[in-house]
Amino acid sequence: MKNKKFNTDNLFNNNSFLMVFSAMLAVMIWLVVAVEFSPEVTVTVKQVPVSIDYTTISKSLGLEPFGETKFTVDVTVKGKKITVESDEIINDLKVVASTNYVNSVGSYNLHLTAESTKLSSDFEIVSLSDENVEVFFDYPKTKEFVVVPEIDHKGELVPDGYITSDILFPETNVVKATGPESEINRIENIVAYVSVENQLRQNTTLEATLLADTTDGQGLKFVTFDKQNDTIHMTVPVYKKTVLPVSVGFVNKPSDYVGSIPFKVTVSPEKAVFGVPESKIENMKSFEIASIDFTKLNNAENVFTFSADEITGGIVADGTKEFTVKVDLSEMGKKTFEIPSNIGIVNGSDGINATVSDLSFTEITIVGPRDYLETLTADKIVLNADLVDVKSDATGTFTVPITYADSSSWLFGDYSAEVIIN
């Protein structure tokens with residue numbers, strides 16, 4: 001079979017082909033005419049990004065920009081309408097800020113230049129909306145400050161008969177300030193400032209604004225804090241003043257002394273003015289300043305001193321600096337025993353494998369009623385290594401306290417044992 005030859009004459013005799021060819025030719029002619037004969041116009045391209053080489057300055061000089069660091073300018077261009085009015089014209093423009101003269105701390109007006117991103121362009125750059133951008137350079141610095149509370153209130157913050165103590169910061173009272181070295185060095189204090197209108201009668205948590213006190217009284221432009229915002233929470237403890245008898249408590253008591261203490265306990269001063277949360281006052285018969293461990297009680301007049309600054313649950317409001325407590329156990333007896341042969345384990349988790357491996361003592365001292373101690377023998381004494389503070393899944397060697405449970409006598413002194421847990 002012979003192949004048919006392609007005949008262009010036949011192609012141009014085809015009406016369908018002629019219609020398509022004519023349309024394409026018309027479009028091409030229109031494009032050529034539109035480009036070649038498009039009128040020249042001047043337009044302004046808005047918000048062209050400015051390129052600034054901060055990385056080189058940072059690496060070579062250690063300087064960083066602070067404040068506004070990203071800029072845009074408007075660029076006026078002149079060229080054929082079809083080109084300069086295109087949405088793509090912004091991609092054909094490049095604006096660069098010169099950093100050649102940045103060499104030390106300070107504000108610099110960086111000169112701007114604009115150019116086409118193409119090797120050859122069919123438009124002319126006429127002008128820029130700004131010839132310079134101002135950037136501040138400095139060495140970066142971070143410094144920690146203890147926040148100083150400052151409450152602005154007309155008159156007294158609390159009513160008569162009430163008192164406040166040191167302001168508390170539930171999260172932290174230390175703030176990191178970060179910014180240019182020249183500004184950080186001017187900071188004297190970071191203040192937590194808040195204005196309060198009404199008097200306070202109970203503990204109140206306030207949201208305060210972090211402000212900087214500076215050496216020259218001038219504000220800071222570029223300093224930031226290590227928080228999500230420039231605020232911090234602080235709590236003002238508020239107490240009502242009341243006169244109460246002073247008392248002490250006891251811990252690790254033998255069972256005979258759980259209900260009452262049969263020996264003489266004196267506290268000096270006997271009474272004091274305390275600041276107590278108002279909601280607690282109604283049920284308070286005395287103010288317990290401390291708890292005394294029975295293991296600290298010898299068969300003598302035991303004297304303890306407690307600082308007023310160390311009490312909890314309230315504050316001392318009359319200037320008393322310390323309290324003296326005397327526990328008279330001179331009628332009691334004391335007896336020394338050899339270590340019992342068997343020392344048990346208490347407060348261990350179920351199935352625990354624990355062994356006492358070593359002891360910190362070679363004998364024990366027990367205090368109690370004289371007649372009771374006369375009948376007490378070593379075989380009646382049961383000591384235990386107490387694992388109450390050891391985690392249930394822990395293994396290894398642990399130092400734990402030795403305890404002694406008895407109805408009327410107690411261990412005098414501190415005793416401990418090493419326990420191996422497998």
Restricting to strands (runs of 3 or more DSSP E) lying wholly in segment 355-404: which have 1 or more residues that are surrounded by fewer than 11 Cβ atoms within 10 Å (Cβ to Cβ) and out of contact with any strand residue (DSSP E or B) (no Cβ under 7 Å at 6 or more places or on another chain)? none
Of the residues 291, 286, only one is at pLDDT 95 or above, under 30 Å from residue 203 (Cβ atoms) and touching a Ser or Thr at 6+ places or on another chain (Cβ under 8 Å); which? 286
Which of the following residues is touching a Pro at 6+ places or on another chain (Cβ under 7 Å) and either modelled with pLDDT of 95 or more or more than 11 Å from residue 52 (Cβ to Cβ) (or both): 94, 81? 81
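A quick yes/no check of all residues on (1) of a type in the set (A, V, I, L, M, F, W, C); (2) touching a residue at least 60 places away in the same chain (Cβ under 8 Å):
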| site | (1), (2) |
| --- | --- |
| 176 | no, no |
| 179 | no, yes |
| 188 | no, no |
| 191 | yes, no |
| 196 | yes, no |
| 216 | no, no |
Strands (runs of 3 or more DSSP E) contained in segment 267-345 and holding at least 2 residues touching a helix residue (DSSP H, G or I) at 6+ places or on another chain (Cβ under 8 Å) and surrounded by fewer than 17 Cβ atoms within 10 Å (Cβ to Cβ): 332-338
Mind checking which pairs have a first residue in segment 347-370 that is at positive phi and a second that is loosely packed, with under 13 Cβ neighbours inside 10 Å and not in a strand (DSSP E or B), Cβ under 9 Å, 6 or more apart or different chains? 347/388; 347/389
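The values are calculated or read from the model by the stated rules, or taken from the named source; none is laboratory data. Just so we're clear, the structure is a prediction, and the values are computed from it rather than from any experiment. Backbone-built Cβ (ideal geometry, glycine too); neighbour counts: all protein chains shown.
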